[in-house]
1. Is it possible to state the helix-based mean residue ellipticity at 222 nm for the chain, with each DSSP H run of 4+ residues giving -39500 (n - 2.57), the sum divided by total residues, to the nearest 500 deg cm²/dmol? What is it?
2. Can you sort 138, 144 so the residue with the fewest Cβ neighbours within 10 Å comes first?
3. Answer with a single label: of (1) 87, 42, 25; (2) 74, 47, 39; (3) 71, 41, 35, which was calculated as Cα extents along the principal axes in Å from the structure in view?
4. What distance in nm separates the two pseudo spin-label positions at residue 157 and residue 133, each 7 Å out from Cα along the beta-carbon direction?
5. Express in nm, to one decimal, how much length is gained between residue 63 and residue 102 on full extension, taking 0.36 nm for each residue of separation and deducting their alpha carbon distance.
6. How would you order 92-99, 70-77 from highest to lowest mean count of nearby Cβ atoms within 10 Å?
């Protein structure tokens, strides 16, 4: 791959809602440079900040957007979808029995074999060794109570937790928009 193509691939755009908050913190709401340019041409976004890199066609040149905001506000859902990733995010990517952060899976607090359902209030993040040790036992019988009672989080709680796990790469132009709604310390 050419060097210029690699540089372009390393030029995602941070996507902000119309209120200038990221659509998502974890995963961080990013679009590829192609999607950002397309949205600009379709007049769906405003360019807030740009990279120093240019893209061009025979008749047009533009700097790549590094931050864009939607022109139409997208109302976030109050409650997130029940997914494995969101369970891990709710539990801050740590086993709810021992605190380990490796080899995560999820565990039914009340085992399915005992009528437990696969839903927010019965599933926690667990490392494989703890999940195997608990097996099909009830938490009290196994002597393994989760650190927190499982619950259905709000989108805002997941955003808060997502801020604890920043992505590996943050462009300087993004920093002004990522944590501006965080409460300041006195």
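1. Values: 7 runs with 46 residues, N = 186.
Dividing the helical sum by the residues of the chain leaves -6000 deg cm²/dmol.
2. Working: 138 13, 144 20.
Least to most surrounded, the residues fall as 138, 144.
3. (3)
4. 2.6
5. The residue 63-residue 102 span can extend by a further 9.9 nm.
6. Details: 92-99: 18.1, 70-77: 10.9.
Most protected by this proxy first, the peptides run 92-99, 70-77.
Taken together, the values in this text are just the output of simple stated rules run on the coordinates, not laboratory data. All figures in this text were calculated on a predicted structure; none of them were measured in a lab. Note: ideal-geometry Cβ built from the backbone for every residue, glycine included; neighbour counts use all protein chains shown.
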